[in-house]
Amino acid sequence: MSTKTVLICQNTTCRKAGAAKVLAAFQTEFSPNATIQGSACLGQCGNGPMVLVMPDQVWYSRVHPDEVPTLVQQHLRRGQQVKALLYPKYHPS
Ligand code: FES
């Protein structure tokens with residue numbers, strides 16, 4: 001299984017939307033083969049909390065802490081995107 005890095009924006013706008021709790025939720029979930037990192041602004045302010053999974057280049061927007069277990073189970077463990085949380089700007093349906 002390849003190693004993934006999950007970037008969770010911790011800059012001002014995303015923090016106001018609850019990004020610290022999203023980061024904490026990722027840190028409490030066991031994510032094999034994934035590195036969890038708070039990041040600087042991802043350039044998508046106003047759509048946060050923003051989460052970017054690399055090297056997949058999959059973006060998730062307006063992520064709520066309650067949705068983190070689903071992201072870990074489905075994307076990080078099974079390699080399947082969580083369609084309901086995809087950022088529409090980069091992943092138009
Ligand atoms: S503050 Fe999170 S994308 Fe800019």
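Taking the condition of being part of a loop (DSSP other than H, G, I, E, B), within 12 Å of the ligand (Cβ to nearest atom) and touching a Ser or Thr at 6+ places or on another chain (Cβ under 8 Å), how many residues in region 50-81 meet it? Number of matching residues: 1. Among the residues making up region 28-58, those that are within 12 Å of the chain's Cα centre (by Cα) and loosely packed, with under 13 Cβ neighbours inside 10 Å are THR35, GLN57. Within region 61-79, if we keep just the residues that are among the hydrophobic types (A, V, I, L, M, F, W, C) and touching an Asp or Glu at 6+ places or on another chain (Cβ under 8 Å), the residue that is surrounded by the most Cβ atoms within 10 Å (Cβ to Cβ) turns out to be VAL68.
How many residues are in contact with a strand residue (DSSP E or B) (Cβ under 9 Å, 6 or more places away or on another chain) and of a type outside the set (Gly, Ala, Ser) if we restrict to region 1-21? Within region 1-21, residues that are in contact with a strand residue (DSSP E or B) (Cβ under 9 Å, 6 or more places away or on another chain) and of a type outside the set (Gly, Ala, Ser) number 11.
I'd like to know if region 34-44 contains one or more residues that are in contact with a Leu (Cβ under 8 Å, 6 or more places away or on another chain) and away from the ligand (no atom under 15 Å from the Cβ). Yes, that holds for at least one residue. Every condition in (1) more than 10 Å from the ligand (Cβ to nearest atom); (2) open to solvent by 30 Å² or more (accessible area, probe 1.4 Å) is met by LEU23 except one, and the failing one is (2).
Residues that are assigned to a strand (DSSP E or B) and farther than 14 Å from HIS64 by Cα within region 3-49 comprise LYS4, THR5, VAL6, LEU7, ALA34, THR35, ILE36, GLN37, GLY38, SER39, listed in sequence order. Restricted to region 6-20, and to residues that are open to solvent by less than 40 Å² (accessible area, probe 1.4 Å) and touching a Pro at 6+ places or on another chain (Cβ under 7 Å), which residue is farthest from the ligand (Cβ to nearest atom)? Out of the qualifying residues, it is GLY18.
The values are calculated or read from the model by the stated rules, or taken from the named source; none is laboratory data. Quick caveat, the model's predicted, so the values are computed rather than measured. So basically every Cβ, Gly included, is an ideal-geometry build from the backbone, and we count neighbours across all protein chains shown. The area values use the complete protein model at the heavy-atom level, side chains included, leaving out ligands, DNA and RNA. Shrake-Rupley method; radii C 1.70, N 1.55, O 1.52, S 1.80 Å.
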